[in-house]
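Written out below as structure tokens is the structure these notes cover.
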Amino acid sequence: MLIDFSARNFASFEREVTLSAETGARLSRLKETNTIRENTTNLLKSLVVIGPNGSGKSNLLEGLRYMRSMVLNDTTKATDKLPYRPFLLQTESPNQPTLFSVRFNHSGKEFKYEFEYTRDQIVREQLTTFSKASHKVYFQRQGQQFPVLPEQLKSVANATKSNSLLLFGAQKSNDAAAISVMQWFQEDLLFVNDVQIPDKLAELVNDDRIKNELLRFLQFADFNIIDVKVRDVPVTVPEQFVEVLRALKFEGDIPQARQELYAVHKKYNADGDVVGQQEIPLASESKGTGKIFLIALSIIYAQLTGNGKTLLFDEFDDSLHFELSRALLDVFNSKQNQNQFILTTHELQLLNSNLRTDQIYLVEKNFKGRSELKSIFDFQDSRSSARNDVQFMKRYIEGRFGAVPQIRLSGMLEALNQSQPAQDLEK
């Protein structure tokens, strides 16, 4: 699972910020449910990142997504540009490197992998491995110099382009440490978005045992769905796209169909009698229904693939009723859960769920447009008064932790008046 993630000079985060899933020192509340011990580290099962619209909370998860994409996808040519998205509201930042750093557990070992880069090159890269009592820099890179490098990676380093990560070449050469890092990014770091349910999740429903588990979950969540079907839906590929693939000498199969989920409902006559069933494409259901499907299948997938996964949800509560969002948060923090969930939200009421102070992070943007990240645990008042009856939402609204939008209703109304016809303003 994720231990911590740091970013600097990315999107709205100019200064370095760190999202940590380590438990706070001397904090024992909800230890039996909301925390899990992995290797030698006590970790939180869930983190809630809250902030006003436009504060930059989504950029935090986007930074981790950028890092994942760069790790899994190497550049093809030495002239390819890297996905560089620096902070733009400060004169020097657009010329400074972006930093991404992540520390995590995988296969019983702890790793820290980090790199800095600009649009054109990797400026710095380092992989560190940890044991119980010490740590070891496995490889270190400064530009195209490699001060620390295992013997077996010297030829790989010589062949690494300035805009490529050494890690990518190392895993291609079957280096065990590099493979572990790659596996964690590929298999254990899961981004859950509500655009479309991936085929690998839809295919789970073909297993009757899994389908029954999904249906029971949906029924307990108060969704009146009696069955779920998987249908192959034809895919129309534009001929122009096919021609491009042929020109590139693409040898794979062009998909002719994709799998789509259908929710099955009871069908009634005018008297209220059940007269049959009706299949409805999940894409035609409400956004909330599609989202609960995605969340449930993601949880089941994580369990089936060995647990120990880190799942990330941006705007977690969007389209979900508050009671359902709170119930899901209780599921994430339950004893039986063996995975980790990181979610962004602006639903203040979630602050009054069964959460520890170290599970709540706040994002706010200052007058310079710079996003800042802080944990409620970092406030001394929260550490000394972390009782079961503490109402975080009330204290948040009071501005005790900051991150509250400064809204001027009168000013908003006045601004809208500017667009009214002159005769209306005279009335």
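The values are calculated or read from the model by the stated rules, or taken from the named source; none is laboratory data. Bear in mind that the values here come from a model prediction, so they are computed numbers and not experimental data. In this analysis, Cβ positions are derived from the backbone assuming ideal geometry, glycine residues included, and neighbour counts consider all displayed protein chains. Please note that ligands, DNA and RNA were not included when accessible areas were found on the heavy atoms of the full protein model with its side chains. Shrake-Rupley method; radii C 1.70, N 1.55, O 1.52, S 1.80 Å.
Is at least one residue of the stretch 255-271 in a helix (DSSP H, G or I) and in contact (Cβ under 8 Å) with a residue 12 or more places away in the chain? For the stretch 255-271, residues in a helix (DSSP H, G or I) and in contact (Cβ under 8 Å) with a residue 12 or more places away in the chain: absent.
Residue check: LEU60 meets all listed conditions (1) outside any strand (DSSP E or B); (2) open to solvent by 10 Å² or more (accessible area, probe 1.4 Å) but one, namely (2). Residues of the stretch 354-383 that are surrounded by 22 or more Cβ atoms within 10 Å (Cβ to Cβ), among the polar types (S, T, N, Q) and under 18 Å from SER325 (Cα atoms): GLN359 alone. Counting only residues that are open to solvent by less than 10 Å² (accessible area, probe 1.4 Å) and outside any loop (DSSP other than H, G, I, E, B), how many does the stretch 18-29 have? Summing the residues that are open to solvent by less than 10 Å² (accessible area, probe 1.4 Å) and outside any loop (DSSP other than H, G, I, E, B) in the stretch 18-29 gives 1.
Residue-wise test of (1) more than 27 Å from the chain's Cα centre (by Cα); (2) modelled with pLDDT of 95 or more; (3) in a helix (DSSP H, G or I).
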residue	(1), (2), (3)
ARG124	no, yes, no
THR128	no, yes, no
GLN140	yes, yes, no
SER155	yes, yes, yes
ASN174	yes, yes, no
SER180	no, yes, yes
TRP184	no, yes, yes
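If the condition is being in a strand (DSSP E or B), closer than 25 Å to ALA25 by Cβ and more than 18 Å from the chain's Cα centre (by Cα), then the stretch 344-371 contributes only GLU364. Any idea how many residues of the stretch 166-181 are closer than 21 Å to THR98 by Cα and either open to solvent by 50 Å² or more (accessible area, probe 1.4 Å) or touching a Lys or Arg at 6+ places or on another chain (Cβ under 9 Å) (or both)? Qualifying residue count, the stretch 166-181: 1. Note on the stretch 134-143: among residues that are touching a Ser or Thr at 6+ places or on another chain (Cβ under 6 Å) and open to solvent by 80 Å² or more (accessible area, probe 1.4 Å), the one that is farthest from ASP175 (Cα to Cα) is HIS135. The numbered conditions (1) open to solvent by less than 60 Å² (accessible area, probe 1.4 Å); (2) modelled with pLDDT under 90; (3) not in a loop (DSSP other than H, G, I, E, B) are all true for PHE341 except (2). Only one of (1) crowded, with 21+ Cβ neighbours inside 10 Å; (2) under 23 Å from ASN193 (Cα atoms); (3) among the hydroxyl-bearing types (Ser, Thr, Tyr) fails for TYR84. Which number is that? The one condition TYR84 does not meet is (1).
You will find that of GLU14, GLU32, GLU110, GLU38, the residue that is surrounded by 21 or more Cβ atoms within 10 Å (Cβ to Cβ), of a type in the set (Asp, Glu) and touching a residue at least 60 places away in the same chain (Cβ under 8 Å) is GLU14 and no other.
Residues considered: ALA386, ALA422, ALA415, ALA403. Of these, the only one that is modelled with pLDDT under 80 and on the phi > 0 side of the Ramachandran plot is ALA403. Just one residue in the set SER101, SER55 is surrounded by 15 or more Cβ atoms within 10 Å (Cβ to Cβ), among the hydroxyl-bearing types (Ser, Thr, Tyr) and within 30 Å of PHE168 (Cα to Cα); that residue is SER101. The residues in the stretch 284-313 that are under 25 Å from GLU347 (Cα atoms) and open to solvent by 80 Å² or more (accessible area, probe 1.4 Å) can be counted, and the count is 1. In a residue-by-residue description of the stretch 188-195, the property of being at pLDDT below 95, among the polar types (S, T, N, Q) and more than 27 Å from PRO86 (Cα to Cα) applies to no position.
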